[in-house]
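The structure appears right after this line, and notes come after that.
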Amino acid sequence: MIGQRTMGLRVLIINPSAEEAPGLLLAPMIEAGCDVVELASRAVVDLMVAKAHVTATVVDRFPPSSFGFDLLVVLGSPLGVLTGAGEDADDQTPRRAVAQIEALIRDFHDRRKPVLGICLGSQLVARTFGGAVTPLPKDDAHTALPCDLADPPKGLEFGWLPLDFSAA
């Protein structure tokens with residue numbers, strides 16, 4: 001697809017909580033002539049303290065298959081998803097929404113259609129194919145900010161690679 005026009009491609013963006021945005025992905029998709037459909041889960045949106053501020057259409061149920069779509073993008077959310085003991089935690093994405101998104105990921109994959117997972121979306125892609133999602137260790141090697149890891153500030157991001165900061 002690189003270097004080719006994508007006229008007519010239908011892109012399904014799953015924005016679970018309607019609190020995220022497609023960001024840098026959206027403009028090139030629209031410029032390339034893609035028809036973009038952005039959906040959020042009512043079950044997830046209803047858990048949010050600050051209600052949806054993005055223009056995603058809130059639905060009770062996601063489409064059951066990839067029919068009519070060429071590409072799937074699953075965005076992030078303030079909520080996460082854990083495998084194992086953490087699945088019942090109150091701050092995790094509702095199981096019904098997880099099951100619907102995982103079914104879509106599987107269907108797109110089975111039909112050899114591209115899938116992109118970002119943040120929560122990447123967690124869901126991992127789970128769909130048997131991966132485990134677990135918390136990262138709370139140590140200096142897994143944090144981007146110098147802070148007390150016993151009580152990290154809200155919004156603290158953990159990444160795959162250590163980051164080195166200058167004095168500035």
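The values are calculated or read from the model by the stated rules, or taken from the named source; none is laboratory data. Values in this document were obtained by computation on a predicted structure and should not be read as measured data. Cβ: placed from backbone, ideal geometry, glycine included. Neighbour counts: every protein chain shown. Please note that ligands, DNA and RNA were not included when accessible areas were found on the heavy atoms of the full protein model with its side chains. Shrake-Rupley method; radii C 1.70, N 1.55, O 1.52, S 1.80 Å.
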### Message
If I ask for residues that are at pLDDT below 90 and open to solvent by 40 Å² or more (accessible area, probe 1.4 Å), which ones from the range 56-81 would you list?
### Response
78
### Query
So which residues in the range 19-38 are surrounded by 18 or more Cβ atoms within 10 Å (Cβ to Cβ), modelled with pLDDT of 90 or more and closer than 25 Å to residue 93 by Cβ?
29, 38
### Query
Got at least one residue in the range 131-147 being open to solvent by 20 Å² or more (accessible area, probe 1.4 Å), modelled with pLDDT of 60 or more and touching an Asp or Glu at 6+ places or on another chain (Cβ under 9 Å)?
no
#### Entry: Selection from the range 94-130 of residues that are assigned to a loop (DSSP other than H, G, I, E, B), of a type outside the set (A, V, I, L, M) and modelled with pLDDT of 90 or more
111, 112, 113, 114, 129, 130
### Query
Looking at the range 11-61, which of the residues that are touching a helix residue (DSSP H, G or I) at 6+ places or on another chain (Cβ under 6 Å) and without any contact (Cβ under 8 Å) to a residue 40 or more places away in the chain is nearest to residue 102 (Cα to Cα)?
60
